[in-house]
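Written below as structure tokens is the structure these notes are about.
What follows is calculated from the coordinates using simple rules that are stated; it is not laboratory data. Just so it is clear, the structure is predicted and the values come from calculations on it, not from any experiment. Every residue, glycine among them, receives a Cβ derived from its backbone with ideal geometry; neighbour counts consider all protein chains shown.
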Amino acid sequence: MKLYYAPGACSLSPHIVLTEAGLDFDTEKVDLRSKQTETGRDFRSINPKGYVPALELDDGQILTEGPAIVQYIADRKPDSSLAPPWGSMERYRLQEWLNFVATEIHKTFGPMFAPSLTEERRREVTDRLETRFRYVEEYLADRDYLVGNSFTVADAYLFTMLSWAVDMQLEPAGWPALARYRNRIAERPAVNATLKDEGLM
């Protein structure tokens, strides 16, 4: 398998999950502005959507969209406990969290990357993100992970979004549970190794 990624982008989540799963994989960096991979390929010939992540499977198929990719990886290594079994209530809880992070947090960040972002628009986006993160803060007040009692692919995704929040200085002092959670995830050997691999620490 090969993961196409950009350092610190949302592709960090499947990169973490691949490392956690202990699967054999290669990586290829993508310049999201030029749409060129580090080997000089036009990334749009790999993923016509033009954004990461994209996972090239062993049979040559390309799988895109982070939540789909991380579940695929988890199901390739079911003994890793990165995702509960299909059909279980816990699996639907996992999908519930993946969808929440994708649509309510990840998508909300979008305008923050626009060069034309105004201060007024920034405040609007920040307010919405704080509302969403406050919900997760309350949920994690007495929990270590999003689903069950162990790290899952949903935690890799939320960790990535929290990293964005920290980078953009959107982390209010009123998020102690999220701060503890992020630090706990960052200390995982696979997460630490992935951050180093992407040059993020």
### Query
Once amide H atoms are placed 1.01 Å from N in the peptide plane, what residues at a sequence separation of 5 or more from Glu28, or on another chain, have their amide H within under 5 Å of its amide H?
Leu3, Tyr4, Tyr5
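Tell me, what is the FRET efficiency for Ser150 and Ile62 to the nearest 0.05, using R0 = 35 angstrom and their Cβ-Cβ distance as r? Intermediate values should be presented prior to the final figure.
On the way: r = 30 Å, r/R0 = 0.85.
Once rounded, the FRET efficiency stands at 0.70.
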### Message
Give the separation of the Cα centroids, segment 6-36 to segment 47-125, in Å.
### Response
12
### Summary
With the 8 Å Cα cutoff and a minimum separation of six or more residues, segment 37-114 has a relative contact order in percent of 14
### Message
Per DSSP helix of 4 or more residues, -39500 (n - 2.57); summed, then divided by the residues of the chain. What does that give at 222 nm, rounded to the nearest 500?
### Response
-14000 deg cm²/dmol
### Summary
Measuring from its Cα centre, the chain shows a charge dipole (+1 at each Lys and Arg Cβ, -1 at each Asp and Glu Cβ) which, in debye to the nearest 20, is 320
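Using a ≥ b ≥ c from the Cα gyration tensor of the chain (square roots of the eigenvalues), is it rounded, prolate or oblate, where a/c under 1.5 gives rounded and otherwise the larger of a/b and b/c decides, a/b for prolate? Numbers along the way, then the final one.
Numbers: a/c = 1.71, a/b = 1.11, b/c = 1.54.
It is oblate, given that a/c is not under 1.5 and a/b is not larger than b/c.
With a 10 Å Cβ neighbour count serving as the proxy for reagent exposure, in which order, fewest first, do Tyr4, Tyr145, Tyr135 appear?
Values: Tyr4 25, Tyr145 17, Tyr135 13.
In increasing order of surrounding Cβ atoms, one gets Tyr135, Tyr145, Tyr4.
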## Note on the structure
Taking the chain, the lysine pairs whose C-alpha atoms sit under 27 Å apart (8 or more places apart or on different chains) add up to 16
### Task
Please report Met161, Met201 as a ranked list, fewest other C-beta atoms within 10 angstrom at the top and most at the bottom.
Met201, Met161
### Neighbour net charge for Arg41 - beta-carbon separation under 14 angstrom, K R +1, D E -1
-2
### Residues Lys35, Lys49, sorted so that the one with the fewest Cβ neighbours within 10 Å comes first
Lys49, Lys35
